[in-house]
Amino acid sequence: MHTLRLCAFILPVLCSSLCFGGEGNRTDSAGVAGRPAIRIIEADGIAFLRMAGHVFSAPARWDGGEWGLAGGLIAGTAGATFLDNDARSMMQRNQTRFNDRVSDVAVQYGSGLTMLLVAAGGYTAGLAFGEDWIRETSLLSGTAIVLAGTISTVSKFAMGRARPYKGEGRFRFRPFSFNDGYVSFPSGHTIVAFAVSGVLAERIKNPWASVGLYGLAVATGFSRMYTDDHWFSDVLFGAIISISVSRSLVQWYERESDRGKEGGLRLVPSGNGIALVWRF
């Protein structure tokens, strides 16, 4: 049963990558060809650190419009809380054995550990077979999961929102309680699912693939409401945050790759660590 569930969410991801991630969508890093694997890994490690810095320092670079969007997200999430009880009631009215099975499968797509293992497998395969698009996309997926997951974890413990099954209502909070019943906001599974789908959609750049990938992520979010683990507003906030992080990462990475091909000052691995190199 576990093997079937695993295949149920891995196969769509692999198929979408193979069918839509063709040569025209590749963004190979400058200078990768012919380099030893250890140097590629070092460069990707540096890229991971730079992407983390890019994401976590983003608020310092926001202009008025971006702060306005952030305020809109907070206001929208607050407004969504008034739909929480209705959404929960709808889920509870539609409890069936078939929906139970669908939920059991969909939730696997949002498992952080499982999807990190999938990303690690894709990275290893891309590195071993010289498939730079697969390696880079796996790196981006894993990075998005880690960074969005970090934001999720901090938010969960800082907010301490009661899960629906606790029966304490949607406005019950116990910050920093470190009790699993009070880490509802935001939905971690939803964040993982949308992180993976967001990266793949941005890299594949095919509307049909995007529909399928985001459909999987939406199904994951609904599965968390279906099992009474999260409120609608938990899922909504997690989806928006995760999409923002994943799209920002891909756009930054592809922009930096293009700059590397054009030349300029670059941070690269050297024999004794890292070095600044001017490419022209």
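The values are calculated or read from the model by the stated rules, or taken from the named source; none is laboratory data. In this text the structure is predicted, and so the values were computed from the model without any measurement. Because the Cβ atoms are built from the backbone with ideal geometry, glycine has one as well, and the counts that use them run over all protein chains shown. Quick note on the areas: whole protein, heavy atoms, side chains included, nothing else; ligands and nucleic acids left out. Shrake-Rupley method; radii C 1.70, N 1.55, O 1.52, S 1.80 Å.
Below is a table of values for the structure above.
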{"quantity": "The lone exception for residue 82 - which of (1) touching a Ser or Thr at 6+ places or on another chain (Cβ under 8 Å); (2) open to solvent by 40 Å² or more (accessible area, probe 1.4 Å) it fails", "calculated": "(1)"}
{"quantity": "Output for region 179-194, where each listed residue is of a type outside the set (Ser, Thr, Tyr) and either touching a helix residue (DSSP H, G or I) at 6+ places or on another chain (Cβ under 7 Å) or at pLDDT 95 or above (or both)", "calculated": "181, 183, 185, 186, 188, 189, 191, 192, 193, 194"}
{"quantity": "Every residue from region 186-216 that is in contact with a Gly (Cβ under 8 Å, 6 or more places away or on another chain), within 17 Å of residue 140 (Cβ to Cβ) and in a loop (DSSP other than H, G, I, E, B)", "calculated": "none"}
{"quantity": "All positions within region 77-92 that are small (Gly, Ala, Ser) and farther than 22 Å from residue 219 by Cβ", "calculated": "78, 79"}
{"quantity": "Some residue of region 54-70 being open to solvent by less than 30 Å² (accessible area, probe 1.4 Å) and modelled with pLDDT under 90", "calculated": "yes"}
{"quantity": "Residues of region 79-93 that turn out to be touching a residue at least 12 places away in the same chain (Cβ under 8 Å) and either small (Gly, Ala, Ser) or within 14 Å of residue 228 (Cβ to Cβ) (or both), as a count", "calculated": "7"}
{"quantity": "Residues satisfying the stated conditions in region 219-259, i.e. of a type in the set (Gly, Ala, Ser) and closer than 28 Å to residue 48 by Cβ", "calculated": "221, 238, 239, 242, 244, 246, 248, 257"}
{"quantity": "Flag for residue 140 being in contact with a Pro (Cβ under 8 Å, 6 or more places away or on another chain) and closer than 29 Å to residue 253 by Cβ", "calculated": "no"}
{"quantity": "For residue 232: the one exception among (1) open to solvent by less than 50 Å² (accessible area, probe 1.4 Å); (2) in contact (Cβ under 8 Å) with a residue 40 or more places away in the chain", "calculated": "(1)"}
{"quantity": "Qualifying positions in region 227-280 - part of a loop (DSSP other than H, G, I, E, B) and modelled with pLDDT of 50 or more", "calculated": "227, 228, 229, 230, 231, 271, 272"}
{"quantity": "All positions within region 176-221 that are surrounded by fewer than 21 Cβ atoms within 10 Å (Cβ to Cβ), within 24 Å of residue 88 (Cβ to Cβ) and not polar (S, T, N, Q)", "calculated": "180, 181, 214, 215, 218, 219"}
{"quantity": "Pair list, Cβ under 6 Å, 6 or more apart: region 98-127 residue closer than 22 Å to residue 40 by Cβ, other residue charged (D, E, K, R) and open to solvent by less than 30 Å² (accessible area, probe 1.4 Å)", "calculated": "123/135; 126/135; 127/135"}
